[in-house]
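Written out below as structure tokens is the structure these notes cover.
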Amino acid sequence: VQLQASGGGLVQAGGSLRLSCAASRGTFSLYDMGWFRQAPGKEREFVAAISPYGNSTIYADSVKGRFTISRDNVKISVYLQMNSLKPEDTGIYYCAVDRASHWLETDAGWYDVWGPGTQVTVSS
């Protein structure tokens, strides 16, 4: 599986962006998918994750109520709708695949395939 994220950019605080992550193979639908982000000088942190058929999701407390993760297994893609963006949401956003765990995981160590990331910058 290879991943390619897109949709990042520069937006003002309060604005919205929708990130997309396209996978290269159809077996994508078997796996949990996650979004992570890394701000300059900080550790990579969990943002959201979704189960194989989209019936379960989890979010970091910092994005609950503002971000929504979804997926389309026909298009072998996962999405992150980001609303009410804040300057602290700035960072490189990565999508990733968890092919090992049977539960939604927030620890990046469970995710074994990563895309190259897309930059999100929120200006104040």
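The mean accessible area for residues of the chain, using a 1.4 Å probe and ignoring ligands and nucleic acids, is 51 Å² per residue.
The alpha-carbon atoms of the chain define a convex hull whose volume equals 89 cubic angstrom per residue. A straight Cα-to-Cα reach below 23 Å connects LYS64 with the lysines LYS42, LYS86, residues fewer than 8 places away in its own chain not being considered.
Qualifying trypsin sites (Lys or Arg not before Pro) in region 51-124, where qualification requires a DSSP coil assignment and no more than 15 other C-beta atoms within 10 Å, comprise LYS64, ARG66, LYS75, ARG99. Provide the FRET efficiency to the nearest 0.05 for the LYS75-GLN119 pair, computing r from the beta carbons and using R0 = 30 Å. The calculated FRET efficiency here is 0.85.
If Rh is defined by the Kirkwood formula over all Cα pairs and Rg also comes from Cα, what ratio Rg/Rh do you get for region 80-124?
In region 80-124, Rg relative to Rh is 1.06.
How much length, in nm to one decimal, is gained on full extension between LYS42 and SER84, taken as 0.36 nm per residue of separation minus their Cα-Cα distance?
12.9 nm
When every Cα-Cα distance of region 1-70 is counted in 10 angstrom steps from zero, the calculated P(r) takes the values 17, 48, 30, 5 percent. For a straight C-alpha distance cut-off of 18 angstrom, the aspartates and glutamates reachable from LYS75 (same-chain residues fewer than eight places away being disregarded) are ASP32.
Projected label points at THR27 and THR57, each 7 Å from Cα along the beta carbon direction, are separated by 2.7 nanometres. Carbon and sulfur atoms: what percent of the 1.4 Å accessible area of the chain do they account for? The nonpolar share, carbon plus sulfur, comes to 49 percent.
The values are calculated or read from the model by the stated rules, or taken from the named source; none is laboratory data. Everything quoted here is computed from the prediction, not taken from an experiment. Using ideal geometry, Cβ is built from the backbone for each residue, glycine included, and neighbour counts are taken over all protein chains shown. Just the protein is used for accessible areas: all its heavy atoms, side chains included, with ligands, DNA and RNA removed. Shrake-Rupley method; radii C 1.70, N 1.55, O 1.52, S 1.80 Å.
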